[in-house]
Amino acid sequence: MKAPLIALVALLATPAAAHVVAVPGEAKAGSFSAVAFRVGHACTAGDATLKLRVEIPDGVASARPQPKPGWTVDIEKEGDRATAITWTGRLPDDQFDDFALLMKLPPQPGPLVFPAIQTCEKGESQWTEIPDPERPDEKLTRPAPTVRLTPAVAEQMPAMPGMKH
């Protein structure tokens with residue numbers, strides 16, 4: 001591959017890593033699952049990320065943040081339920097990091113959307129766009145991190161000798 005083509009491929013690949021994304025992007029409905037919100041870069045080149053706020057969707061029964069050395073954590077609640085988690089610290093633009101939550105996920109399969117706001121030294125990026133089910137191929141510029149909940153698989157009973165299935 002020639003140098004200009006390599007540079008073009010690298011440039012085109014960059015936007016996919018530019019978003020705040022949920023990792024893993026899939027989990028079993030109704031399970032306890034650890035999901036990390038990955039920050040791949042700052043709001044603008046050379047700008048450090050100072051804060052990440054992740055909203056917890058209705059249906060998530062509990063959300064507990066993983067502590068991060070050098071960062072403070074604020075948990076917003078309505079009653080006993082966490083509604084948003086905010087990490088405050090400093091993440092230089094030339095680094096990435098994961099901000100993890102342990103959650104009890106809703107029992108229904110489907111997309112679970114976590115709007116996120118990334119605050120930087122020189123502004124903020126709102127990762128809050130939600131796909132329109134009527135236009136599934138629409139390209140979003142600031143998509144909210146999403147976890148696709150898959151149906152829980154019922155455990156099968158082990159076969160017993162002499163029984164027909």
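Odds and ends about this structure:
- Among the candidates Asp137, Asp94, Asp132, the residue that is farther than 18 Å from Ala36 by Cβ, of a type in the set (D, E, K, R), modelled with pLDDT under 95 and touching an Asp or Glu at 6+ places or on another chain (Cβ under 7 Å) is uniquely Asp132.
- Residues that are of a type in the set (A, V, I, L, M) number at least 3 in the following strands (runs of 3 or more DSSP E) confined to the range 39-111: 49-55, 81-91, 97-104.
Here is a yes/no grid of residues against (1) in contact (Cβ under 8 Å) with a residue 24 or more places away in the chain; (2) within 27 Å of Ala29 (Cα to Cα); (3) touching a helix residue (DSSP H, G or I) at 6+ places or on another chain (Cβ under 8 Å); (4) crowded, with 17+ Cβ neighbours inside 10 Å:
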{"residue": "Thr49", "(1), (2), (3), (4)": "yes, no, no, yes"}
{"residue": "Pro67", "(1), (2), (3), (4)": "no, yes, no, no"}
{"residue": "Leu102", "(1), (2), (3), (4)": "yes, yes, no, no"}
{"residue": "Pro107", "(1), (2), (3), (4)": "yes, yes, no, no"}
{"residue": "Ile130", "(1), (2), (3), (4)": "no, yes, no, no"}
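- Enumeration of residues in the range 97-140 that are over 18 Å from the mean Cα position of the chain (by Cα), under 30 Å from Pro67 (Cβ atoms) and among the acidic types (Asp, Glu): Glu121
The values are calculated or read from the model by the stated rules, or taken from the named source; none is laboratory data. Since we're looking at a predicted model, the values are computed, not measured. Ideal geometry is used to build each Cβ from the backbone, glycine not excepted, and the neighbour counts take in all protein chains shown.
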